[in-house]
1. I need a count of the residues in region 24-49 that are among the acidic types (Asp, Glu) and either within 18 Å of Thr68 (Cβ to Cβ) or in contact (Cβ under 8 Å) with a residue 60 or more places away in the chain (or both).
2. Filter region 1-28 down to the residues that are of a type in the set (Asp, Glu) and exposed (fewer than 15 other Cβ atoms within 10 Å of the Cβ) and list them by number.
3. Which count do you get for residues in region 29-70 that are under 14 Å from Ala4 (Cα atoms), among the aliphatic types (A, V, I, L, M) and surrounded by 15 or more Cβ atoms within 10 Å (Cβ to Cβ)?
4. What do you reckon, is Thr21 of a type in the set (Val, Ile, Thr) and touching a residue at least 60 places away in the same chain (Cβ under 8 Å)?
5. What do you reckon, is Arg32 of a type in the set (D, E, K, R) and either under 20 Å from Arg63 (Cβ atoms) or touching a helix residue (DSSP H, G or I) at 6+ places or on another chain (Cβ under 7 Å) (or both)?
6. Going by what's in this entry, would Thr68 be described as β-branched (Val, Ile, Thr) and in contact (Cβ under 8 Å) with a residue 60 or more places away in the chain?
Amino acid sequence: MLAAADSVPANIAEGARQTSTAQSLHFLRIARGSADELGVHLETAIDARAIPRSRYIACQGTRTVVCTMLHRLIRAIEERDAQEKHYA
């Protein structure tokens, strides 16, 4: 669970350092996948009663916000890239 959680900001940072849009998007998609993986781990943890329900709800809420932000960022970059290619 910690590896998936750590992977999200690490991949966002890695993507920000890339020199091409395609590379940046690649790392942002990995970050989004890691956030989705974290959701699975949270489900497993709550099913196993390894975390309290209040912690599960808080973590899932934060994860949902991060996933939404990543989705919107990826979509905005893809749209910007498509417009730049169209007008090039």
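1. 2
2. Asp6
3. 7
4. The answer is yes for Thr21.
5. It is true that Arg32 is of a type in the set (D, E, K, R) and either under 20 Å from Arg63 (Cβ atoms) or touching a helix residue (DSSP H, G or I) at 6+ places or on another chain (Cβ under 7 Å) (or both).
6. Taking the combined requirement at face value, the residue does not satisfy it.
Read-outs: derived from the displayed coordinates by stated rules, not from any lab. Bear in mind the structure is a predicted one, so any value in this text is a computation, not a measurement. Backbone-built Cβ (ideal geometry, glycine too); neighbour counts: all protein chains shown.
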